[in-house]
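Here's the structure we're looking at; comments come further down.
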Amino acid sequence: MKNLNPFTINLFYIFAIGLNIVLLRYFSIHLDALNNNGVRFTVGGIALLIFVLFKYRQQFKQILTTPKLLTLALSVGIMMTANMYFYLKGVATTNAITAAIFGVISMPFGILFAGVVFQDEREKLKSKQFWIGCILTLAGSLSFIWSGNTIAIGDSFFLGAFFLLLSITIRNIQNLIVKFSNNKLNTFVLSCFTSLTAGIMSLIFSQQSGNIGQLTTIPTWLLFSLILVGLYGIGTGMVLTFSVIQKQGIVTYQVLELILPISTAVIAYFLLGETISLTQVISAIVVIVGASIALQLFPYFSRNR
C-alpha cells in the first residue's frame, strides 16, 4: 500500500467500501447485529493476528507492553463495537442508500472535529479550492440520493435513522483517535486489536442477550458467506479506512465518504437490480468533479487557490 499513489488508493476505497455497504445491508436483514459483527470481526481479527504475528510481531509486542498504546487500541475497538452495532441496526430498518446519506450528513461534523483538534487538518480548511469542491460534492451527493426514489419511509424508518445518527457520531470520535494514533500504531496492528475487541465484545453481548443460538440455526452457506464477508470487510472497511485517515487525514476521508452513495448505487444496480435515473447520473458527475477539486486533482484549481 505504501507504493500506491493516493488517487489509486482513494479510487479503490470508494468502490470497495461501496460493495461492503451493500453486503452489510444484505446480512443485516438475515442476522442479528451482534451475531453479524461478532462473526465478521472475530474471523477478520484472527486472520489479521496471524498476519501481524508474522510481519509486525515487534509492534504487536510493543502495544501489549505499553499501557497507553494498549488503551488507545482497545478504545478504538470498543467504539467500533458500538459504531457497527448501531450501523447495522439502522441499515436493517432503512436501506443501503439511506446509510450512505448519513455518511454525507456526517461530513461537516467530522471536518469540524478534525479542524479543532489537528493543525494539519486546519491547513486544508484554509483552501478556497477545498470549500468549492466540498460544496459541489455535498450538493451532488444530496441530489443523487433524493432523486433516486430508493428511500421508503416506513414505521421503523425514523428509529433506523436514529441508530445511524448514533453510529456516525461515534465514528467521528473514533476517527479522531485513529488520526491521533498516527506514527504510534501500525495500521495492521491497530486493525487487529480493533477487530478482535469488537468481535469478542459482540459475541459476549450476543450470549448475554440470548441471541447467540441463531448462529447454530442459520444455513451453512450463510455462515460461510458471512465469514468471507468478514475477511473482506476487515481488509477494506478497517485496514484501508484506517490507512486513509492516518496517511491522508480525516478531511480527505470525509470527502471520500461523499462519493460512497454513487459507488453504493452502482454496485446495487448490478447486484440487486436497483435503478439509476438520468438525474442521478448528472448528480454523480457533479460529485466526481467536486471531489476532484476538493482533493486537488485539478491542476488549475491547485495553482489558483
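The values are calculated or read from the model by the stated rules, or taken from the named source; none is laboratory data. What you see is a predicted model, and the numbers here were worked out from it, not measured in a lab. Cβ placement follows ideal geometry from the backbone for every residue including glycine, while neighbour counts extend to all protein chains displayed.
Quick notes
- Test: Ser225 is farther than 30 Å from Ser181 by Cα, modelled with pLDDT of 75 or more and crowded, with 22+ Cβ neighbours inside 10 Å: no
- Selection status of Val117, β-branched (Val, Ile, Thr) and modelled with pLDDT under 75: no
- The lone exception for Arg57 - which of (1) under 30 Å from Ala291 (Cα atoms); (2) exposed (fewer than 15 other Cβ atoms within 10 Å of the Cβ) it fails: (1)
- Residues of the range 249-259 that are closer than 13 Å to Tyr13 by Cβ and in contact with a Leu (Cβ under 9 Å, 6 or more places away or on another chain): Thr252, Val255, Leu256, Leu258.
Yes/no per residue for (1) β-branched (Val, Ile, Thr); (2) at pLDDT 90 or above; (3) closer than 12 Å to Asn35 by Cβ:
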| residue | (1), (2), (3) |
| --- | --- |
| Asn186 | no, no, no |
| Ser195 | no, yes, no |
| Gly199 | no, yes, yes |
| Leu203 | no, yes, yes |
| Gln208 | no, yes, no |
| Asn211 | no, no, yes |
| Thr217 | yes, yes, yes |
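Residue-wise test of (1) in a helix (DSSP H, G or I); (2) out of contact with any Leu (no Cβ under 6 Å at 6 or more places or on another chain); (3) buried (at least 22 other Cβ atoms within 10 Å of the Cβ); (4) hydroxyl-bearing (Ser, Thr, Tyr).
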residue: Ile50; (1), (2), (3), (4): yes, yes, no, no
residue: Leu70; (1), (2), (3), (4): yes, yes, no, no
residue: Tyr87; (1), (2), (3), (4): yes, yes, yes, yes
residue: Gly90; (1), (2), (3), (4): yes, no, yes, no
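- Condition check for Leu70: at pLDDT below 85 and either among the aromatic types (Phe, Trp, Tyr) or touching a helix residue (DSSP H, G or I) at 6+ places or on another chain (Cβ under 9 Å) (or both): no
- Flag for Ser206 being farther than 19 Å from Ser106 by Cα, among the small types (Gly, Ala, Ser) and part of a helix (DSSP H, G or I): yes
- Matching option when the condition is modelled with pLDDT under 85 and in contact with a Pro (Cβ under 6 Å, 6 or more places away or on another chain), among Ile145, Ile168: Ile145
- The set of residues from the range 233-261 being buried (at least 24 other Cβ atoms within 10 Å of the Cβ), over 12 Å from the mean Cα position of the chain (by Cα) and either within 16 Å of Arg25 (Cα to Cα) or at pLDDT 80 or above (or both) comprises just one member, Pro261.
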